[in-house]
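The values are calculated or read from the model by the stated rules, or taken from the named source; none is laboratory data. Predicted model only: the values in this text are computed from it and were never measured. When we count neighbours, we look across all protein chains shown, and the Cβ atoms used for this are built from the backbone with ideal geometry, even at glycine.
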Amino acid sequence: MAGKQKRDNAYYEKQLQKLHPSIHADYLAGKYPSLNQALHVAGIRKPRTRLSELKNAWEKAQPTEQRQFLQWLQKQGALRTPLSGPVSSNSVVAADRRLESWAIARIDEIMTKLNLMMGDVMHQMGFKKLNPSLGNAMRHGSKLSPEVIAALEIWLKDNENA
């Protein structure tokens, strides 16, 4: 079985040449300063939105930069769940925004002792009960948002005697 097709500039230039030969000819003649712009004109590739730029920047940011940005958002009134206290760049419960195995075991233990469902935990942390992020992180190793990590650290401290 063939591997996943590489979608690099060569691939997109071939698509442009095949689907829009006149725009490709204009690109080769220098009418468009970049292949990307020619692809936008042809409708093969959509321009990046501000949202996609923000998401890209977030993924590339260091944890301290992410924390500073969240603090700035909080000051702007854009965060519903307040951040409580400074959170270090190295989270106690997560590495690379993925839960540590001991944290998963401890969450399971607290949930069992207190007879809680995942939705109850999310609600206690200040999120909607139907928010699947913690369950996905525990079962599938999904990444958590820094906001959920910070709330989870507080929840674990609040339930350390459970």
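Numbers for the structure displayed
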| quantity | calculated |
| --- | --- |
| Hits in the range 46-63 (condition: assigned to a loop (DSSP other than H, G, I, E, B) and under 25 Å from Y11 (Cα atoms)) | K46, P47, R48, T49 |
| Test: S89 is at pLDDT below 85, in contact with a Ser or Thr (Cβ under 9 Å, 6 or more places away or on another chain), part of a loop (DSSP other than H, G, I, E, B) and small (G, A, S) | yes |
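Here's the yes/no breakdown for (1) part of a helix (DSSP H, G or I); (2) aromatic (F, W, Y):
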| position | (1), (2) |
| --- | --- |
| N36 | yes, no |
| I44 | no, no |
| E65 | yes, no |
| W72 | yes, yes |
